[in-house]
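Notes for the one structure printed next.
Please treat every number below as a calculation from the coordinates, not as lab data. Being a predicted model, the structure only gives us computed values, none of them experimental. Note: ideal-geometry Cβ built from the backbone for every residue, glycine included; neighbour counts use all protein chains shown.
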Amino acid sequence: MKRFRFGLERLLQLRQRRERERAQALGEALREEEDQREVRDAATEQLGRIGEQLAGGSAAITSAGALRNLGLTVEAAVDQVEAAERSHRESLERLQREQEQYGEARRERRVVERLREHRREAWGEDLKRDEQQEQDGLARHHAQGRDES
């Protein structure tokens, strides 16, 4: 009895490796997105705290220099929030690309796996057919031997 041999086994192995690589890249993109979201949230919280401090200290008389410093602080906090939001958006875009590439790699692997399954089934059917023909031949030979006696 001959063993099943899939001629595209190497291609299947390459597709499996590519899927694992894409899964790893997807994991990295997920971690990056989480990190960027945390940075964005921290920058937003910082801006909120600065706003609360400004609202709490608005009744006191403040010098022009202090107001200028407060303005610069608020401006810097706003810039941080905008930069964090931009970075988070970019990480979301990368995450989406990685998800698409992982999905594509997974589909490509599944196509080759399905082909292997179909070929294995066809091989099994051929094997059964060959065995049945062999048994039929033996039965005919045995029947011819009895007829000659």
Could you identify the single residue in L26, L70, L12 that is without any contact (Cβ under 8 Å) to a residue 60 or more places away in the chain and either assigned to a helix (DSSP H, G or I) or surrounded by 12 or more Cβ atoms within 10 Å (Cβ to Cβ) (or both)?
L70
Residues of segment 79-96 being closer than 23 Å to R15 by Cβ and loosely packed, with under 13 Cβ neighbours inside 10 Å, in sequence order, are Q96
Looking at (1) within 24 Å of E104 (Cβ to Cβ); (2) assigned to a helix (DSSP H, G or I), can you tell me which one F6 breaks?
(2)
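Of the residues that make up segment 132-148, is at least one among the acidic types (D, E), surrounded by 10 or more Cβ atoms within 10 Å (Cβ to Cβ) and over 29 Å from R17 (Cα atoms)?
First, pick out the residues of segment 132-148 that are among the acidic types (D, E): 134, 136, 147-148.
Next, only the ones that are surrounded by 10 or more Cβ atoms within 10 Å (Cβ to Cβ) stay: 134, 136.
Narrowing the set further to residues that are over 29 Å from R17 (Cα atoms) leaves 134, 136.
There is at least one residue in segment 132-148 that is among the acidic types (D, E), surrounded by 10 or more Cβ atoms within 10 Å (Cβ to Cβ) and over 29 Å from R17 (Cα atoms).
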Which pairs turn up if I take residues in segment 107-119 that are surrounded by 14 or more Cβ atoms within 10 Å (Cβ to Cβ) and look for partners that are in a helix (DSSP H, G or I) with beta carbon separation below 6 Å, at least 6 apart in sequence or on another chain?
E108/R15; R109/R15; R109/Q16; R109/E19; V112/L11; V112/L12; V112/R15
Working only within segment 75-106, note down all residues that are in contact (Cβ under 8 Å) with a residue 24 or more places away in the chain and of a type in the set (S, T, N, Q).
Q80, S87, S91, Q99, Q101
